[in-house]
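Student: My questions will all concern the structure given below.
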Amino acid sequence: MGVPARSVYLDHAATTAVHPKVVEAMLPYFSEKYGNPSSLYGLGREARKAIDESREKVAEILGARRDEVIFTGCGTESDNLAIRGVAFANKSRGNHIITSSVEHHAVSHTMAQLNKYFGYEVTYLPVDRYGVVNPDDLARAITDRTVLITIIYANNEVGTIEPIAEMSKIARARRIPFHTDAVQAAGSLDINVDHLGVDLLSLSAHKFYGPKGVGVLYARKGSAFLPMQTGGSQERNRRAGTENVPYIVGLATALTLAYGHLEDNNRRISQLRDRLIDGVLKIPYSQLTGHPTQRLPNSASFTFQFIEGESILLNLDLLGISASSGSACTSASLEPSHVLVAMGIPVEIAHSSLRLTLGRENTQEDVDYVLGVLPGIIEKLRAMSPLYNTRLAQA
Amino acid sequence: MYSALVMEHFQNPRNVGVIPDPDGVGKEGNPVCGDIMEIMIKVKDERIDDIKFRTFGCGAAIATSSMVTELVKGKTLDEAMAISRVTVAEALGGLPPVKMHCSNLAADALHKAIEDYRRRHNGGSAGS
């Protein structure tokens, strides 16, 4: 195998490169300012100050109080903590949770466990063909036993943005805590918790050029909440364990950078995305998945009938392009993406999905490189596919 | 994840296509699982004279299809029937465990093609 002509990373929904300014901000907290924030001497106070300042920055972007910001180990932990923390704290009020059928596994697998081992009833709201939840369905699903509603803000696979503010209004009227998994949204969409009207919100640093291994759970003051990790009194007793100071500093720095030039960045990225979408859709039997306009500025996702997603990814990789797919072959479960299936995409077509997610280092040349090589890859695989040839014979 | 040999077959698959007038056709898998393999054979003196495949599927599906055609071309039908999924996987330097069952259907498709040939030719028509 030769070395590809170009290296193009188009999987920013999976993770991002840590921004150099973020690395710079983190570095002193490894070996120089390494104190435990709980210690009273200078080194400890220095670390405490770094966490306080980080919390302040995060709270400002969320439009939240500082004591509503909980630092966690990742987005998955934030989701788990929000769901179990609220469900268990409200156990005496009921055992019903409402979610959507297009959640990240951090939410959907947590639901499955609560259902199987803890007796919770879970309602999975359907979505339309673009992956959007209908708020009327939410209103109808609420019962007197409902203790939590959790709906993803922007979908990680197809980029569709859910009407969170509309749904949180319904929840609030019934006094039911509302959580949103904003892991994919944070860094490009408005995450002001009052604009969204949410009681809990999860985010993860590595999706917006911060480090892996650190996240945030926002929990509105007054929400009943049972910690899942017990021990010291860190994070106001809601998440015990010595704070990961350099990573928390990294998260706050990355979030500040992301929201510093939000509109300019989004405009640039969404122009690239539209160029990518327009170009890809020229390929016959290709389809955009997710909402045509209500989608993340960096997210383009497609299906290509008659071929399989992993084969597309392997071919792209050979040409230096990093992408992802909801194909069964790219997951350990051997099931195609539950998101695409929930959107009504036939299973055999869901196998052919491709997700391209842009980021800050991508250029128009990157997009044009992909547009230059993708049609050939699709054609090569289709030429090999018995499904495509049958289709042509019928035509 | 894949061996160099799997990737080599994936990139340059052997014997892709169709035989216009095949002596036997075998198909395995279904689109819902994400893998379909179709094998066509031409038989001469109880040997596989020509073989072609078409596959809808992942890297392993394409590589195993390519490998199985290479393994049996020129072999007798009995020798070809003895080729198993394991033979194919081993010839490719191994497959990821998760791919052993779902995407390693090429030997099964080959066996079906041979059975198809035998069915047609035991029915009284002249052997080729």
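The values are calculated or read from the model by the stated rules, or taken from the named source; none is laboratory data. Only a predicted model underlies this, so the values are computations on that prediction, with no experimental measurement involved. In this analysis, Cβ positions are derived from the backbone assuming ideal geometry, glycine residues included, and neighbour counts consider all displayed protein chains. Just so you know, the surface numbers come from the protein's heavy atoms only, side chains and all, with ligands and any DNA or RNA stripped out. Shrake-Rupley method; radii C 1.70, N 1.55, O 1.52, S 1.80 Å.
Student: For the stretch A:361-391, state which residues have at least 50 Å² less accessible area in the presence of all protein chains than in their chain by itself, taking the probe as 1.4 Å and leaving out ligands, DNA and RNA.
Tutor: Buried-area filter returns A:Met384, A:Pro386, A:Leu387.
Student: At 1.4 Å probe radius, can you tell me the per residue accessible area of chain B in Å²?
Tutor: Value returned for chain B: 42 Å² of accessible area per residue.
Student: Starting from the amide H of A:Leu125, placed 1.01 Å from N in the peptide plane, find each other amide H under 5 Å away whose residue is 5 or more places distant or on another chain.
Tutor: A:Thr99, A:Ser100, A:Ser101
Student: With r as the distance between the Cβ atoms of A:Asp136 and A:Asn237 and R0 = 51 Å, compute the FRET efficiency 1/(1 + (r/R0)^6) and round to 0.05.
Tutor: Calculated value: 0.85.
Student: Distance in nm between label sites at A:Arg275 and A:Asp190, each 7 Å beyond Cα in the beta-carbon direction?
Tutor: It works out to 2.9 nm between the two label points.
Student: With a 1.4 Å probe and all protein chains kept in place, how do B:Cys33, A:Cys74, B:Cys58 rank by accessible area, largest first?
Tutor: So, going from the largest accessible area down, we get B:Cys33, A:Cys74, B:Cys58.
Student: Count the net charge of all other residues whose Cβ sits under 13 Å from the Cβ of A:Val69, scoring Lys and Arg as +1 and Asp and Glu as -1.
Tutor: +1
Student: Evaluate the distance, in nm, between pseudo-label points positioned 7 Å from the Cα of A:Asp128 and of A:Asp317 along their respective Cα→Cβ axes.
Tutor: Taking the simple label geometry, A:Asp128 and A:Asp317 are separated by 3.7 nm.
Student: Subtract the Cα-Cα distance of A:Ala112 and A:Tyr285 from 0.36 nm times their separation in residues, and report this length gain in nm to one decimal.
Tutor: 58.7 nm
Student: Here is a further query. At 222 nm, what value in deg cm²/dmol follows for chain B if DSSP H runs of at least 4 each add -39500 (n - 2.57) and the sum is divided by all its residues, to the nearest 500?
Tutor: Mean residue ellipticity at 222 nm (helix-derived): -12000 deg cm²/dmol.
Student: Taking only protein heavy atoms and a 1.4 Å probe, what accessible area per residue, in Å², does the stretch A:20-260 have with all protein chains in place?
Tutor: It amounts to 41 Å² per residue over the stretch A:20-260.
Student: Taking the Cβ-Cβ separation of A:Ala165 and A:Glu379 as r and a Förster radius of 56 Å, what is the calculated FRET efficiency to the nearest 0.05?
Tutor: 0.80
Student: A further question on this structure: Pairs to check: B:Lys73/B:Lys99; A:Lys21/A:Lys57; A:Lys33/A:Lys221; B:Lys52/B:Lys112. Give those whose C-alpha atoms are more than 20 Å from each other in this structure.
Tutor: B:Lys73/B:Lys99; A:Lys33/A:Lys221
Student: When the accessible area of chain A is computed with all protein chains present and a 1.4 Å probe, what percentage of it is carbon and sulfur?
Tutor: 51
Student: Over chain A, what relative contact order in percent results from Cα pairs under 8 Å that are six or more residues apart?
Tutor: 22
Student: Let me ask something else about it. Measure nothing but the geometry: give the 0 to 90° angle between the long axis through the Cα atoms of B:106-122 and the longest principal axis through the Cα atoms of chain B, rounded to 10°.
Tutor: Its long axis makes an angle of about 10 degrees.
Student: Report the accessible surface area buried between chains A and B, summing both sides, using a 1.4 Å probe on protein heavy atoms only, in Å² rounded to the nearest 100.
Tutor: So the buried area, both faces added, is about 2000 Å².
Student: I'd like the antiparallel share, as a percent to the nearest 5, of DSSP beta bridges with both residues in the protein assembly as shown.
Tutor: Here the antiparallel bridges make up roughly 70 percent for the protein assembly as shown.
Student: Hey, rough spin-label estimate for A:Glu335 and B:Arg14, points 7 angstrom out along Cα→Cβ, what's it come to in nanometres?
Tutor: 3.9
Student: Let me ask something else. Does chain A come out rounded, prolate or oblate by the C-alpha gyration tensor, with a ≥ b ≥ c the root eigenvalues, rounded set by a/c under 1.5 and, if not, prolate when a/b is larger than b/c and oblate if not?
Tutor: oblate
Student: Determine the percent antiparallel among the DSSP beta bridges restricted to the stretch A:20-260, to the nearest 5.
Tutor: 45
Student: Threshold 50 Å², probe 1.4 Å: give the residues of the stretch B:24-45, in number order, that are less accessible with all protein chains present than with their chain alone.
Tutor: B:Val32
Student: Express in nm, to one decimal, how much length is gained between A:Leu226 and A:Arg93 on full extension, taking 0.36 nm for each residue of separation and deducting their alpha carbon distance.
Tutor: Full extension from A:Leu226 to A:Arg93 adds 46.5 nm.
Student: I've got another one for you. Divide by every residue of chain A the summed helix terms, -39500 (n - 2.57) for each DSSP H run of at least 4, and state the resulting mean residue ellipticity at 222 nm, rounded to the nearest 500 deg cm²/dmol.
Tutor: So the calculated ellipticity at 222 nm is -12500 deg cm²/dmol.
Student: Stretched out fully, how many nm does the piece from B:Asp78 to B:Glu46 gain, at 0.36 nm a residue minus the Cα gap?
Tutor: 10.7 nm
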